[in-house]
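Structure, as structure tokens:
What follows draws every value from the coordinates through simple rules; no lab data is involved. Computed from a prediction, not measured in an experiment: that's the story for all the values here. Please note: Cβ atoms are built from the backbone with ideal geometry, for glycine as well, and neighbour counts cover all protein chains shown.
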Amino acid sequence: MATAASPMAQVRKQGLSRAALARRVGSLAIYALLSVGALGMMMPFLYSFSTSLKRNVFAFEFPPQLIPLHPTLQNYVEAWTSNNFQLYFWNSLIVATLTMLLSLVVASTQAYAFARLRFPGKNAVFMLYLITMMIPSTVMILPQFVLARTFGLLNSLPALVVVYVAGGIPFQTFMLRGFFESLPRELEESAYIDGANRFVIFSRIALPLAKPALGTLAIFSFLGAWDEFTWALTVINDVGKRTLPIAIRLFQGQHATQWGLVFAASMIAIVPVMVVFVAFQKYFVRGIAAGAVKG
């Protein structure tokens, strides 16, 4: 029996080893493709950072060198201290931060109302939200300008915040509504039994469980307000109220462009976005409502 079983055992062992080898080769191929894709995504950033460390005469040297022979931080110093760059940086930081906070407050309350409350016309109103997501933002610039002029918001930072918040609310409400609907109703029912009202349930149960979605929306809203250029250029005329994308554009002249300063300013502009992403990135990998109900 031992001699008869040994060939079968060897066949099984060979089959298992081949399967393990195939899985390993497949994993290596996947990692290789991911590494190539990550390198491709990083190349523009690496090139921008490298160019920001070069003097303007070496900005477009050929062949390009990712590691400059004579790196310098002069571009960063000049970019930070010229063209009111510091003032525009803080203007953008104020606008983006207010947009992020207001968007989370408005979107979370509206999404919870659409998910849990019953009121006449709820589905029709939500459908209007979805329809507004299909309208290109450039089409809305003229109506937004007229409204801003009517309410006396032209040439002011609140005009930027209001439009940025309003533009992002439909998508944010749509995303959060789906999340709140996925939460188990047993959590709210048990809170009702304990005497909690709707606001307590929303603030102490729904919002804490919504941290993954809120973290994602915080990054989206901050990034959208931080990078927006067209509306800021349209509504802001005061030099002291411009935002960072306009400041970067000022480094590009009609006949000559200081590309070292442009890339250095772009690198400085990336820093707040990276800080916000690092602060909220852990919520990307968390499962929505993971651990809310066990058993």
Residue order, fewest to most surrounding Cβ atoms within 10 angstrom, among LEU154, LEU39, LEU102: LEU39, LEU154, LEU102
For ILE131, ILE141, order by how many other beta-carbon atoms lie within 10 Å, fewest first: ILE131, ILE141
For VAL106 and THR132 in the same chain, what is the full-extension length gain: residue separation times 0.36 nm, less their Cα-Cα distance, in nm? 7.7 nm
With charges only on Cβ, +1 for K and R and -1 for D and E, what is the dipole size of segment 120-261 about its Cα centre, in debye, rounded to 20? 300 debye
Simple Cβ-charge dipole of the chain, Lys/Arg +1 and Asp/Glu -1, about Cα centre, in debye nearest 20: 920 debye
What does the extension gain come out to for PHE119 and SER156, with contour length at 0.36 nm per residue minus their alpha carbon separation? 9.7 nm
Options MET140, ALA107, ALA124, ranked by Cα towards positive dipole end of segment 74-285, top entry (Cβ charges): ALA124
In whole Hz and in residue order, list the ³J(HN,Hα) couplings for segment 197-205 that follow from phi through the Karplus curve 6.51 cos²θ - 1.76 cosθ + 1.60, θ = phi - 60°; x for Gly and Pro. 8, 5, 5, 5, 5, 5, 7, 9, 10
Give the long-range amide H neighbours of GLN258: residues separated by 5 or more places, or on another chain, with amide H under 5 Å away, using H modelled in the peptide plane at 1.01 Å from N. GLY253
Considering the values (i) 20.0, 64; (ii) 26.7, 95; (iii) 20.4, 72, which represents Rg and Dmax of the Cα atoms in Å as calculated for the structure under consideration? (ii)
FRET efficiency for TYR192 and ALA32 from the Cβ-Cβ distance with R0 = 51 Å, rounded to 0.05, comes out at 0.40
Along Cα→Cβ, 7 Å out, is where each label goes; now give me the distance between the ones at VAL146 and ILE94 in nm to one decimal. 3.0 nm
Return the distance in nm (one decimal) between the two label points of a simple spin-label model at VAL200 and SER182, each offset 7 Å from Cα along Cα→Cβ. 2.8 nm
Full-extension gain between LEU39 and GLN252, please, as 0.36 nm times their residue separation minus the C-alpha to C-alpha distance. 73.8 nm
Relative contact order of the chain, defined on C-alpha pairs under 8 angstrom at six or more residues apart (%): 29 percent
